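Working notes for the structure below.
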Amino acid sequence: AKSNGRGRAEIFDAALRTELEARAKLEADIRAGLATDEFELHYQPVMSVATGELRSYEALIRWRHPEHGMIPPNDFIPAAEESLLICEIGRWVLDHATRQLAEWTRQDPHGHGHVTMAVNISARHLASTSLVDEVRHALEHSGLDAARLVLEITETVLLDEPTADAHLRDLRNLGVTVSLDDFGTGYTSIGQLQKLQVDTLKIDQSFLRSDDPATQALVQLMITAAHAFNLDVVAEGVETQEQLDRLATIGCELAQGYYLGRPQPAADTGVVAGTV
Ligand code: C2E
Ligand code: CA
Ligand code: CA
Ligand code: CA
């Protein structure tokens, strides 16, 4: 039994070593990818439910890997979030997304003058002392108005990070907007919404998938509460006309999803050409 235990420990060590090596390789690859411009942003529209007008874009990162092809964010963002690499990625995304919207606005002031750009910010990045300066720098460098940048954060960030609150206050003082992503999947209750320093709620796509009347009643409740607290609401994951009609009925003003537009490279967004 003793030798058996030893054997298992060795196997465990080997597995751990392999995992650590894989992690280290992924981190080195991401670093190299940042240096050689292997990342790109795709942009997904957010539309007004009532009018179909374009209101915003969400910037979503992809990795065009030289060997593995296009890698979706869920395959590398969680690993990057384990280290400070996520801050480097976040900085890259902030710079590119703000420059892209500034460029679109220069080319098409009428169509894009009021459109905003949403960027996903990870917990560790929000906790870092440099985020506020990085956001300020991205705005100055691109010439984009602060009011046109939206930072999407998930609710876990707000509850776990003591510094997040202070940083959010600084960011909102800059004039940027903050959006609570994936709402309904975490621990924030509707009652806590009032205390959070956010401007917009994004209702997680899982709620739209369900035809269960209780779930639909819950969505209605979230929207009513959000409006009572003066928050805008975006429904994520709209895939059918039926879902869009339902959102109109329950008074949800903004929607995002494959039915309205998939995430696309800047050059394919259709409105104007020109990528940065
Ligand atoms: P998220 O922020 O909740 O982004 C929405 C995800 O849902 C995107 O997946 C989008 O392509 C997908 N989606 C949009 N509409 C629909 C729909 O109608 N149906 C379905 N089934 N899916 C839809 P994506 O681009 O693969 O991103 C996944 C997650 O990776 C994001 O979830 C976000 O948490 C993270 N992520 C993406 N880009 C970045 C980034 O630049 N920085 C950070 N920190 N995280 C990012
Ligand atoms: Ca998001
Ligand atoms: Ca989301
Ligand atoms: Ca998410």
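The values are calculated or read from the model by the stated rules, or taken from the named source; none is laboratory data. No experiment lies behind these values; they were computed from the predicted model shown. We place every Cβ from the backbone using ideal geometry, glycine too, and count neighbours over all the protein chains shown. Accessible surface is based on the protein model in full, side chains and every heavy atom, while ligands, DNA and RNA are left aside. Shrake-Rupley method; radii C 1.70, N 1.55, O 1.52, S 1.80 Å.
Miscellaneous remarks
- Here the dipole of the chain is about 320 debye; that uses its Cα centre as origin and unit charges on the Cβ of Lys and Arg (positive) and Asp and Glu (negative).
- Figure note: H227, H114, H125 ranked by solvent-accessible area, largest first, 1.4 Å probe, ligands and nucleic acids not counted: H114, H227, H125.
- Relative to the current alpha-carbon distance between E67 and S48, full extension at 0.36 nm per residue lengthens the span by 2.9 nm.
- For segment 3-92, diffusion coefficient by Stokes-Einstein and Kirkwood Rh (Cα), 37 °C, 0.692 mPa s, µm²/s: 208 µm²/s
- When shorter helices are ignored and each DSSP H run of at least 4 residues is given -39500 (n - 2.57), the per-residue value for the chain at 222 nm works out to -14500 deg cm²/dmol.
- Cβ-Cβ FRET estimate between H137 and D75, R0 fixed at 35 Å, reported to 0.05: 0.75
- Rolled with a 1.4 Å probe across the full set of protein chains, the surface gives S189 an accessible area near 50 Å².
- Counting DSSP beta bridges with both ends in the chain, the antiparallel % (nearest 5): 40 percent
- With Rh defined as the Kirkwood radius, the inverse of the mean 1/r over Cα pairs, the Rg/Rh of the chain is 1.02.
- Working from label points 7 Å from Cα in the Cα-to-Cβ sense, the R172 to E82 distance is 3.4 nm.
- Gain on full extension, evaluated as 0.36 nm per residue between R8 and Q216 minus their Cα-Cα distance, stands at 69.9 nm.
- For T249, the accessible surface of its heavy atoms amounts to roughly 120 Å² (probe 1.4 Å, protein chains only, rounded to the nearest 10).
- Per-residue packing, averaged as other Cβ atoms within 10 Å, sorts the ranges 107-113, 9-15 into the order 107-113, 9-15, beginning with the highest.
- By DSSP, the beta bridges lying fully in segment 12-130 are antiparallel in about 75 percent of cases.
- Intensity falloff of segment 65-110 expressed as log10 I(q)/I(0), Debye formula with alpha-carbon point scatterers, at q = 0.16, 0.18, 0.25, 0.32 Å⁻¹: -0.62, -0.71, -0.90, -1.05
- Label-point separation in nm, A228 to R106, each point 7 Å along Cα→Cβ: 4.7 nm
- Zone of K25's modelled label, taken as backbone nitrogen in segment 63-88 under 15 Å from a point 7 Å along Cα→Cβ: 66-69
- Residues of segment 83-99 with an amide N closer than 20 Å to a point placed 7 Å from the Cα of A35 along the Cα-to-Cβ direction: 83-93.
- Given in Å, the Rg to one decimal and the Dmax to the nearest whole number for the Cα atoms of segment 89-202 are 14.2, 43.
- Projecting the Cα positions of Q192, L244, S206 onto the charge dipole of the chain (unit charges on Cβ atoms of Lys, Arg, Asp and Glu, taken about the Cα centre) puts Q192 furthest along the positive direction.
- Taken over the C-alpha atoms, segment 120-276 has Rg and Dmax values of 16.7, 48 angstrom.
- Count Lys and Arg as plus one, Asp and Glu as minus one, and take only other residues whose Cβ is under 14 Å from that of A14; the net charge is then -1.
- Spin-label model distance (nm) - Y187 vs A147, 7 Å beyond Cα toward Cβ: 3.7 nm
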